[in-house]
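**Q** After the structure tokens below, expect a handful of questions from me.
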Amino acid sequence: SEHSGTHGDGGPGDKSQLTHSSSVKHVSGSTAGAGSGDFHQYRSARRIEQDRLKRMEQESEKERIEREYEDKIRLQKAQETLIAAKKKNKRLKRKRNRQQKASKKQKIERDSDVSTTKDTNNSNNE
């Protein structure tokens, strides 16, 4: 059985070959040639479109520069944090070493004081 051609088979009801057209402003009539005002309309429309494209490019460039700047700042902060952490560790290590040296020195002094007092006590007792 024949059908009405609604499934893209090229029949009378086939809508797959229809094209969608966009609206066009300031269209001249079919019988008119290019009038004296058509060039000015074209130039105005072209200028508006060129300005729009230029603004889009400028905004895109501005966004790219801002992204690069933010990335650069983020990287610098990360590097500064890393350097600060290394310096802090180094300070703490030096502090611990000083404290260990001081405690060893005090222990040696106490030990030597104890041994000298024992020696003097022993010599006094004899």
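The values are calculated or read from the model by the stated rules, or taken from the named source; none is laboratory data. All figures in this text were calculated on a predicted structure; none of them were measured in a lab. To get the accessible areas, we keep the full protein, side chains included, count just its heavy atoms, and leave off ligands, DNA and RNA. Shrake-Rupley method; radii C 1.70, N 1.55, O 1.52, S 1.80 Å.
Conditions (1) at pLDDT below 95; (2) small (Gly, Ala, Ser); (3) part of a helix (DSSP H, G or I); (4) open to solvent by less than 90 Å² (accessible area, probe 1.4 Å), marked per residue:
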{"position": "41", "(1), (2), (3), (4)": "yes, no, yes, yes"}
{"position": "44", "(1), (2), (3), (4)": "yes, yes, yes, yes"}
{"position": "59", "(1), (2), (3), (4)": "no, no, yes, no"}
{"position": "75", "(1), (2), (3), (4)": "no, no, yes, no"}
{"position": "79", "(1), (2), (3), (4)": "no, no, yes, no"}
{"position": "88", "(1), (2), (3), (4)": "no, no, yes, no"}
{"position": "92", "(1), (2), (3), (4)": "no, no, yes, yes"}
{"position": "98", "(1), (2), (3), (4)": "yes, no, yes, no"}
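**Q** Here is a follow-up. Say whether the condition of being aliphatic (A, V, I, L, M) and within 17 Å of the chain's Cα centre (by Cα) is met by at least one residue in segment 48-61. Explain how you work it out, then say what you get.
**A** So the first thing to find is which residues in segment 48-61 are aliphatic (A, V, I, L, M), and the list is 48, 53, 56.
If we keep only those that are within 17 Å of the chain's Cα centre (by Cα) as well, we get none.
No: zero hits.
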